[in-house]
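Since the structure comes first, as structure tokens, the remarks are kept for the end.
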Amino acid sequence: MSDNRNELHWFPMRVTYNRELKVKASLDQLNIKTFLPIKTKLVERNGHRHFEQVPAIHNLLFVHSTRDTLTSLKMTEDDFSPLRYMMTRPLDPSIRPQIIHIPEREMENFIRVASITDNRVMFLDYSDVAHKVGRRVIITEGDFAGIEGTVKRVKKNRHVVIQLEGVAAVALAYVPSSHLKFLE
């Protein structure tokens, strides 16, 4: 991971107390690019049922900025105090944890898939798929052509999983095997 604090990166940020939407709106006002995975959920309030768009992964917001800008905002603006950097967790205690940032290509893949709000996409707990082995693939046809992922078993079925190391994972409900090219 690069240590240049003035380079643009995608930072996965923890947002405390479910304030993802509020923090995203504040960053949008500053023209700082963000990505918040959203899903549609059936909600009942006062006896009325309706569909509502809610964060798909609670307490997580992706921010495209420099580390210096984010640190400055966190320290000087109350709207951004809920933001927390996500850190690596090295197995070796002599290795210092590092702030996680996501490579541009991986983030583009993730955004293309996680932006879909219908039932073709399943958001997963990263720890549920991190230890599972699979084969690297690229999708060659259809809505997700060009997406790279890994074929893994999820809930007893095989899915193409797009994961951001140590952060999040999303699985495509169904991709015909004729649309997959194995990379390894």
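Observations on the model:
- Gyration tensor (alpha-carbon) shape descriptor, the range 1-75, a/c threshold 1.5: prolate
- Close amide-amide hydrogen proximity is noted between Ile116 and no other residue 5 or more places distant or on a separate chain, at a cut-off under 5 Å (H modeled in the peptide plane; Pro and chain starts excluded).
- Taking His101, His64, His50 in turn, the Gaussian network model of the chain (Cα-Cα springs below 10 Å) assigns the largest fluctuation to His50.
- Put simply, when 28-40, 121-133, 104-116 are sorted by average Cβ atoms within 10 angstrom per residue, most first, you get 104-116, 28-40, 121-133.
- Under 9 Å, Cβ to Cβ, from Val15 - net charge with Lys/Arg +1 and Asp/Glu -1: +4
- Cα gyration tensor shape for the chain, rounded if a/c is under 1.5, else prolate or oblate: oblate
- The distance from the alpha carbon centre of the range 1-38 to that of the range 78-149 is 15 Å, rounded to a whole number.
- Rounded if a/c under 1.5, otherwise prolate or oblate - the range 49-138, Cα gyration tensor axes: oblate
- Taking the range 17-144 and dividing mean pair separation by its residue count, relative contact order in percent (alpha carbons under 8 Å, at least six apart): 21
- Per residue, the accessible area of the range 1-68 comes to 62 Å², computed with a 1.4 Å probe over protein heavy atoms only.
- Pairs from the list Lys22/Lys155; Lys39/Lys132; Lys41/Lys156; Lys41/Lys152; Lys39/Lys152 with a Cα-Cα gap above 30 Å: Lys22/Lys155.
- For the chain, the share of accessible area belonging to carbon and sulfur comes to 50 percent (1.4 Å probe, ligands and nucleic acids excluded).
- Each peptide in 83-93, 146-156, 162-172 was scored by the mean count of other Cβ atoms within 10 Å over its residues; highest first, the order is 162-172, 146-156, 83-93.
- Taking all protein chains together and rolling a 1.4 Å probe, Glu184 ends up with roughly 140 Å² accessible.
- Sorted largest first, extent of the range 92-135 alpha carbons per principal axis (Å): 44, 24, 19
- GNM top mover of Ile57, Ile139, Ile95 - the chain, alpha-carbon springs below 10 Å: Ile95
The values are calculated or read from the model by the stated rules, or taken from the named source; none is laboratory data. In this text, all values refer to a predicted model and were calculated from it rather than measured experimentally. Positions of Cβ are backbone-derived with ideal geometry, glycine not excepted, and every protein chain shown enters the neighbour counts. Surface accessibility is based on the protein's heavy atoms, side chains included, excluding ligands, DNA and RNA. Shrake-Rupley method; radii C 1.70, N 1.55, O 1.52, S 1.80 Å.
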